[in-house]
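A quick write-up on the structure given underneath.
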Amino acid sequence: MWDQLSFIVKRLRERLWIRPLIVCGLSIGAVFLAKLMDTTGLNRVLPEITRDSTETLLKIMASSMLMMATFAVASMVAAFASASRSATPRSLPLIIGDNVSQNALSVFIGAFIYSAIALVALMNGIYGGRASQFALFSLTIVVLAVIIITFIKWVDNIARLGRLEHTIDTVESAAAEAILGRQSAPRLGGVPAYSPPGGARAVFGDAIGYVQRVDTAALQARAEKSQLKIVVAALPGTFCAPNRPVAWVFRELSGRVSDEDAETIADAFMIGGSRVFDQDPRFGLLVLSEIASRALSPAVNDPGTAIDVTGTLVRLFVMWDECGKAADVPEVRCDRVAVPELSVADMFDDAFTGIARDGAGTVEVVVRLLKAFESLAASEDAAMHDNALRHARLALVRAGNALKIPEDLTAAKEAAGFAS
């Protein structure tokens with residue numbers, strides 16, 4: 001349940017209207033909460049605050065905060081457009097979910113709502129007592145301080161938001177989080193995958209799109225209730241078409257799987273129009289590869305970015321390798337659900353195929369890529385070692401077809417010496 005709640009919260013964080021709505025509600029509540037101070041008997045104790053001082057502050061805030069909110073939205077939209085152009089549109093949800101920018105927009109809109117409502121209430125004599133006027137003035141000072149702090153943090157952040165380096169770092173963080181999560185539960189809490197028996201029923205998704213999340217706890221609950229065994233056939237990131245089953249299900253004893261069981265199992269696979277990073281480490285690798293490929297396009301011609309991304313990918317694969325070594329025996333929470341592990345070969349294909357293809361004609365990219373494969377080939381993990389050698393040989397073949405200068409090809413062959 002907590003995993004599902006976390007997934008929903010992350011999707012809500014990618015919506016720009018959620019935080020401003022919450023802050024607006026808090027602002028309205030704070031305005032009317034100040035009025036309740038008159039019922040506490042603090043009128044004799046608190047100092048008297050003139051109405052004019054509070055009114056002046058509220059007018060300044062009301063006249064400036066709407067303009068600041070508009071400016072914040074314009075700056076964020078420009079940053080989003082820059083990220084889509086310079087990196088890849090697949091990175092946009094991460095940029096939209098930037099905490100500092102969303103907090104700034106929420107504070108500016110919330111401060112405008114607060115000041116407007118408080119000003120109307122003040123000018124209509126709602127705050128008649130000394131305590132309520134003191135509370136309103138204190139709240140206004142606090143709101144003003146929050147605005148100043150938020151603005152300073154936001155100015156520092158907006159200078160980086162949408163820049164290519166910031167986007168790469170953001171995607172790397174999302175990919176690293178997904179890698180750590182998957183290595184802690186390589187089979188999502190299930191048992192190792194196996195081939196379903198001949199009489200197993202294929203379960204198809206209820207939509208066409210990408211699997212965003214697999215709720216193995218829900219699958220386990222249904223399997224226990226109906227005495228079923230389930231073999232997951234579509235991991236997060238898999239594209240589901242009408243003819244692509246998401247799972248195979250069969251009964252432990254003889255008997256057919258009911259339509260109700262099949263429907264409940266299908267509902268455990270959340271399918272959407274686009275991939276998300278949460279349970280899909282391969283997506284983070286693919287997005288980084290897309291950033292490098294765009295940098296290598298003739299219109300951009302930025303091999304330095306491709307080299308930086310290659311280093312980022314090496315860090316992520318080393319993290320995957322080290323987490324795999326340090327991980328204990330995976331905990332089995334869902335003994336009736338079989339889930340395949342991620343294929344290291346698929347991860348290598350997602351990460352490096354595009355860079356090797358588009359950078360084959362640039363010797364510095366080829367050499368850096370081959371050095372990256374040499375580092376990964378030193379892994380004790382057999383799959384990591386074998387796939388590093390496989391991709392090194394492929395990269396050398398591509399370079400041989402693209403590099404025109406003999407000296408460049410010689411440099412590439414020397415860098416690929418470990419794979420011979």
Item to check | Most mobile listed residue (Gly255, Gly311, Gly190) in the chain, GNM with C-alpha springs under 10 Å | outcome: Gly255
Next on the checklist: Highest mean first, how do 350-357, 98-105, 292-299 rank when packing is the count of other Cβ atoms within 10 Å averaged over residues?
Outcome noted: 350-357, 98-105, 292-299
Checklist outcome for this item: Taking a crude spin-label model, label points 7 Å out from Cα along the C-beta direction, the Ala159 to Ala202 distance in nm is 5.7
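Just flag the GluC sites (Glu not before Pro) in segment 179-283 sitting in loop per DSSP whose Cβ has no more than 14 other Cβ atoms within 10 Å. Before the final figure, lay out the partial values.
Working: sites: Glu224, Glu252, Glu260, Glu263; in loops: Glu252.
Qualifying residues, ordered by number: Glu252.
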Item to check | Structure-based [θ]222 nm, the chain - -39500 (n - 2.57) summed over DSSP H runs of at least 4, per residue, nearest 500 | outcome: -21500 deg cm²/dmol
Next on the checklist: For the chain, take the longest principal axis of its alpha carbons; what is the angle in degrees between that and the long axis of helix 344-358, to the nearest 10 within 0 to 90?
Outcome noted: 90
Checklist outcome for this item: Checked against the structure, the computed Cα extents along the principal axes in Å among [x] 80, 70, 42; [y] 86, 68, 38; [z] 74, 66, 51 is the one labelled [y]
Item to check | Estimated dipole of the chain in Debye, rounded to 20 [Cβ of Lys and Arg +1, of Asp and Glu -1, Cα centre] | outcome: 860
Next on the checklist: Beyond a 26 Å Cα-Cα separation, which of these cross-linked pairs lie in this structure: Lys229/Lys325; Lys371/Lys404; Lys325/Lys371?
Outcome noted: Lys229/Lys325
Checklist outcome for this item: Computed ³J(HN,Hα) along segment 191-198: with the Karplus parameters 6.51/-1.76/1.60, θ = phi - 60°, integer Hz and x for glycine or proline, the list is 9, x, 6, 8, 6, x, x, x
Checklist entry - Could you give the angle, 0 to 90 degrees to the nearest 10, between helix 363-377's Cα long axis and the longest principal axis of the Cα atoms of the chain? => result 80
Item to check | On Cα atoms only, tilt of 18-35 relative to the major axis of the chain in degrees | outcome: 20
Next on the checklist: Skipping prolines and chain starts, which residues have an amide H placed within reach, meaning under 5 Å, of the one on Ala338, given they are 5 or more residues away or on another chain?
Outcome noted: Val191, Ile230, Val231, Val232
Checklist entry - Quick one: Karplus J couplings for segment 293-300, per residue in order, coefficients 6.51, -1.76, 1.60, θ = phi - 60°, nearest Hz, x for Gly and Pro? => result 5, 5, 5, 8, 5, x, 6, 9
Checklist outcome for this item: Length gained if Ala81 through Arg393 is fully extended, taking 0.36 nm per residue and subtracting the Cα-Cα distance, is 108.6 nm
Checklist entry - Got a sec? Charge dipole of the chain, +1 on Cβ for Lys and Arg, -1 for Asp and Glu; which of Ser86, Leu296, Ile179 is way out at the positive end? => result Ser86
Item to check | Derived scalar couplings ³J(HN,Hα) [segment 248-265; Karplus, 6.51 cos²θ - 1.76 cosθ + 1.60; whole Hz; x for Gly, Pro] | outcome: 10, 9, 8, 8, 4, 9, 5, x, 8, 7, 6, 5, 5, 4, 4, 5, 5, 5
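No value in this document is a laboratory result; all are computed from the given coordinates. Being a predicted model, the structure only gives us computed values, none of them experimental. Every residue, glycine among them, receives a Cβ derived from its backbone with ideal geometry; neighbour counts consider all protein chains shown.
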